[in-house]
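Visitor: After the structure tokens below, expect a handful of questions from me.
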Amino acid sequence: MAIIDKTRYRGLVRASGGPRYAVALAVDALGTGLLRPFLLLYGVTVSKLSAPVTGAAMTVGVVAGLLCTPAVGRWLDRGARSTVVAASMLVRVLGVVLLLANSAGYAWLFATAALFLGIGNQAWPVAHAALVATVSHGRERDAALAAGRALRNAGLGAGALVATACLAGGVEALRALAVVTGLAYLLAAALARSVRVHARPATARTEDQKPEPVPRMRALLAANVVYVFCLNVPEIALPLILVTQMHASPVWSAAVFVANTVLVVALQVPVTVFLSRFPRRAVLALGGVVLAVSYLGFLAAASLGPGRGAPAVAAVSVVCTVGEIVYAGSSTALVTALAPDRGLGRVLARFQLSTGFGLAVSPAVITALAPHGPAALWGSLSAATLLAAGAVVTEQDREPTSGGLVASTRPRTALSIKDCSEWSP
């Protein structure tokens, strides 16, 4: 059954920022997939640094990137959109240039490169969500955000596959991948900037307009820290369990990761469109329940032993991926629906802070719980996720009432005449 016909597909592309912006997203994701999964390997083999030093530099980059997101939010609230997206790509170009310049193995130079890469990686989701929220409206915006995630996952997966095939070339291959990554970021930035989306600044209100309150979303942000653990389950938790505890072949871990990527690319938009008939909070809570059930499924699969356990874990990972798809399709959409125009950038920045914090602490939490057995790991994750889902439902901040997926692409934020003339997707 074709959920999105040709006409609606074109509307979805436009609601996502237009064809040029879609190409920019694809190129950026492809370049990111070439280098980002292998940055630690690059630091050890090309920059000649120790693994602890390389890992510490990467952590500093992530933390610094998170600390910069409030400034990105304030920039967005002044009306910038495509400029911020392009800047998040260009700052990563600088990071790649510093990587290539670090032939002598200076730790500070690699740390500076990781800093710029981290800033770009944390700023991009905020800027992208703000741009899509500006050029689309209602439930079509939800589908557009989902389409951007599916496209990005496809690009990341393709880039990682190409990079994996090239790793046999050793140090020179890694250098070449870094060069291609830098060029991809540069091209993506040029394409994103050419879209020229600019919203009316948050301060541009008439005298009779009362400022809308910026929602606190404390429960939602706290719950999001727990929810994002699901993003690291295929990459960290499952390989750890399959290889070190079940003594299964690493092929199972690779299969789970590939299946996760393929399912997200194939199902993110259809599932988001299908669930658009329900309130976003309810859908987000449902995603938490599905994730909690999948964690209990992993607990049950772990009790089957090495022989039948690995196939069972792979099967349950499909349920976990569905939960991830439901979560990803509703979380950012809910945040953009709750945020007033004047505070969209700041609200998205706060949401990215909670996402980045969850992604940063989840590897440490998972690896700390895993040695205590499957019950400690999966039982704790399941209980925490169910509590998070309950917090999402009971929070007082309520989203505007809206219907299902619509066909129009009316801007969420009122654009000035000048702004409309500048938007040329």
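Visitor: Can you list the helices (runs of 4 or more DSSP H) lying wholly within region 6-93 that have 3 or more residues being of a type outside the set (Ser, Thr, Tyr) and under 17 Å from the mean Cα position of the chain (by Cα)?
Guide: Because the criterion is at least 3 residues that are of a type outside the set (Ser, Thr, Tyr) and under 17 Å from the mean Cα position of the chain (by Cα), the helices (runs of 4 or more DSSP H) in region 6-93 that meet it are 19-35, 51-77.
Visitor: For region 201-238, which positions are at pLDDT below 85 and touching a Gly at 6+ places or on another chain (Cβ under 6 Å)?
Guide: Selection gives Pro201, Val214.
Visitor: How many residues does region 320-334 contain that are closer than 20 Å to Ser136 by Cα and either of a type in the set (Ser, Thr, Tyr) or crowded, with 24+ Cβ neighbours inside 10 Å (or both)?
Guide: So the answer is 6.
Visitor: Please determine whether any residue of region 350-357 is closer than 18 Å to Val214 by Cβ and more than 13 Å from the chain's Cα centre (by Cα).
Guide: yes
Visitor: If you don't mind, another one. Scanning for something open to solvent by 10 Å² or more (accessible area, probe 1.4 Å), among the small types (Gly, Ala, Ser) and modelled with pLDDT under 95, does region 354-365 turn up at least one residue?
Guide: Within region 354-365 (the criterion being open to solvent by 10 Å² or more (accessible area, probe 1.4 Å), among the small types (Gly, Ala, Ser) and modelled with pLDDT under 95), the answer is yes, since at least one residue qualifies.
Visitor: If the Cβ limit is 8 Å and pairs must be 6+ apart or interchain, which residue in region 251-272 that is modelled with pLDDT of 90 or more pairs with which residue that is assigned to a helix (DSSP H, G or I) and hydroxyl-bearing (Ser, Thr, Tyr)?
Guide: Between residues of region 251-272 that are modelled with pLDDT of 90 or more and residues that are assigned to a helix (DSSP H, G or I) and hydroxyl-bearing (Ser, Thr, Tyr), the close pairs are Val256/Ser317; Ala259/Ser317; Ala259/Thr321; Asn260/Ser317; Asn260/Thr321; Leu263/Thr321; Val264/Thr321; Thr272/Ser330.
Visitor: Considering only residues of region 239-249 that are within 15 Å of Arg308 (Cα to Cα) and not polar (S, T, N, Q), which is most open to solvent (accessible area, probe 1.4 Å)?
Guide: Among those that are within 15 Å of Arg308 (Cα to Cα) and not polar (S, T, N, Q), it is His247.
Visitor: Condition first: in contact with a His (Cβ under 8 Å, 6 or more places away or on another chain), open to solvent by less than 20 Å² (accessible area, probe 1.4 Å) and in contact (Cβ under 8 Å) with a residue 12 or more places away in the chain. Can you find one or more residues in region 65-77 that meet it?
Guide: no
Visitor: Only one of Val283, Val264, Val289, Val256 is aliphatic (A, V, I, L, M), part of a helix (DSSP H, G or I) and open to solvent by 20 Å² or more (accessible area, probe 1.4 Å); which?
Guide: Val289
Visitor: Next question. Which pairs do you get when a residue that is more than 19 Å from Val228 (Cβ to Cβ) and assigned to a helix (DSSP H, G or I), found in region 298-327, comes within reach of a residue that is aromatic (Phe, Trp, Tyr) and open to solvent by 60 Å² or more (accessible area, probe 1.4 Å), reach meaning Cβ atoms under 7 angstrom, with the pair 6+ apart or on two chains?
Guide: So the pair list comes out as Ala310/Trp252; Ala314/Trp252.
Visitor: If you don't mind, there's one more thing I want to ask. Hey, does region 222-229 have a residue that's over 24 Å from the mean Cα position of the chain (by Cα), surrounded by 21 or more Cβ atoms within 10 Å (Cβ to Cβ) and not charged (D, E, K, R)?
Guide: no
Visitor: Any residue at all in region 374-387 that's in contact with a helix residue (DSSP H, G or I) (Cβ under 7 Å, 6 or more places away or on another chain), without any contact (Cβ under 8 Å) to a residue 12 or more places away in the chain and open to solvent by 20 Å² or more (accessible area, probe 1.4 Å)?
Guide: Yes: one or more hits.
Visitor: Would you confirm whether any residue within region 49-61 is out of contact with any strand residue (DSSP E or B) (no Cβ under 6 Å at 6 or more places or on another chain), exposed (fewer than 15 other Cβ atoms within 10 Å of the Cβ) and hydrophobic (A, V, I, L, M, F, W, C)?
Guide: Within region 49-61, one or more residues are out of contact with any strand residue (DSSP E or B) (no Cβ under 6 Å at 6 or more places or on another chain), exposed (fewer than 15 other Cβ atoms within 10 Å of the Cβ) and hydrophobic (A, V, I, L, M, F, W, C).
Visitor: I'm told Ala143 meets every condition in (1) among the aliphatic types (A, V, I, L, M); (2) surrounded by fewer than 21 Cβ atoms within 10 Å (Cβ to Cβ); (3) within 26 Å of Val326 (Cα to Cα) except one. Can you identify the failing condition by its number?
Guide: (2)
Visitor: Between Leu100, Leu177, which is open to solvent by less than 20 Å² (accessible area, probe 1.4 Å), of a type in the set (A, V, I, L, M), under 16 Å from Leu40 (Cα atoms) and modelled with pLDDT of 90 or more?
Guide: Criteria check complete, one pass: Leu177.
Visitor: Hey, another quick one. Out of all the residues in region 77-100, which are in contact with a helix residue (DSSP H, G or I) (Cβ under 7 Å, 6 or more places away or on another chain) and more than 19 Å from Leu25 (Cα to Cα)?
Guide: Asp77, Val97, Leu98, Leu99, Leu100
The values are calculated or read from the model by the stated rules, or taken from the named source; none is laboratory data. Note that the structure is predicted; figures quoted are calculated from it, not measured. So basically every Cβ, Gly included, is an ideal-geometry build from the backbone, and we count neighbours across all protein chains shown. In case anyone asks, the SASA skips ligands and DNA or RNA and just uses the protein heavy atoms, side chains included. Shrake-Rupley method; radii C 1.70, N 1.55, O 1.52, S 1.80 Å.
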